[in-house]
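The values are calculated or read from the model by the stated rules, or taken from the named source; none is laboratory data. Quick caveat: nothing in here was measured; it's all calculated off a predicted structure. We place every Cβ from the backbone using ideal geometry, glycine too, and count neighbours over all the protein chains shown.
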Amino acid sequence: MLPKPIDLAGCKTSTSGVWQNDSQFNADKVVDGRYNTRWQSAEAVKSYWVEIDLGEAKRFSKTSIWEGWDLIQKFELLAKEKSNDKWRTIHEGTTLGSDYWVSFKPVTARYIRLNIIESLKPPTIWEIDLFE
Ligand SMILES: [Ca+2]
């Protein structure tokens, strides 16, 4: 049975940077429910990340991530419950690609961050989904 998706519409997002500060590539494009809009990272930053603020702590145990152009070589998923908590690593991986699914031990958190450690070029993400 497929777990229930968490509604991410209207969630706040933040990021290490947006390509040429062009709003069509803003971080909110990873939670707009559309697979033809994307966050495009800025160039020349040391680390790349995109973060989702769920507004309140929610429990989730699965995610799908839709990356463009297979650039990411190493990443981690981080989560925390309160803004001044320390990040907890909930998953580590290498390549992502355009149809990445992973399950993990259920996490209750308000903030989730995709931290991209290595990428061939500034990475781009079409969409991130979370599931209960
Ligand atoms: Ca999108």
Segment 29-42, residues that are surrounded by fewer than 19 Cβ atoms within 10 Å (Cβ to Cβ) and touching a Lys or Arg at 6+ places or on another chain (Cβ under 8 Å): 37
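Which ones in segment 24-77 are outside any strand (DSSP E or B) and basic (Lys, Arg)? Quick ask: steps written out before the conclusion?
First, the residues of segment 24-77 that are outside any strand (DSSP E or B): 24-38, 42-47, 68-71.
Answer for segment 24-77, where residues must be outside any strand (DSSP E or B) and basic (Lys, Arg): 29, 34, 38, 46.
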Identify, by number, the condition in (1) at pLDDT 95 or above; (2) surrounded by fewer than 18 Cβ atoms within 10 Å (Cβ to Cβ); (3) farther than 14 Å from residue 127 by Cβ that residue 46 doesn't meet. (1)
Working only within segment 41-71, note down all residues that are touching a Gly at 6+ places or on another chain (Cβ under 8 Å), farther than 10 Å from residue 128 by Cβ and within 16 Å of the ligand (Cβ to nearest atom). 41
Answer yes or no: is there a residue in segment 107-118 that is closer than 17 Å to residue 61 by Cα and either in contact with a His (Cβ under 8 Å, 6 or more places away or on another chain) or of a type in the set (S, T, N, Q) (or both). yes
Only one of these conditions is not met by residue 19: (1) away from the ligand (no atom under 11 Å from the Cβ); (2) buried (at least 20 other Cβ atoms within 10 Å of the Cβ). Which number is it? (2)
Given the conditions (1) under 21 Å from residue 46 (Cβ atoms); (2) within 13 Å of the chain's Cα centre (by Cα); (3) among the charged types (D, E, K, R), every one holds for residue 129 apart from (1)
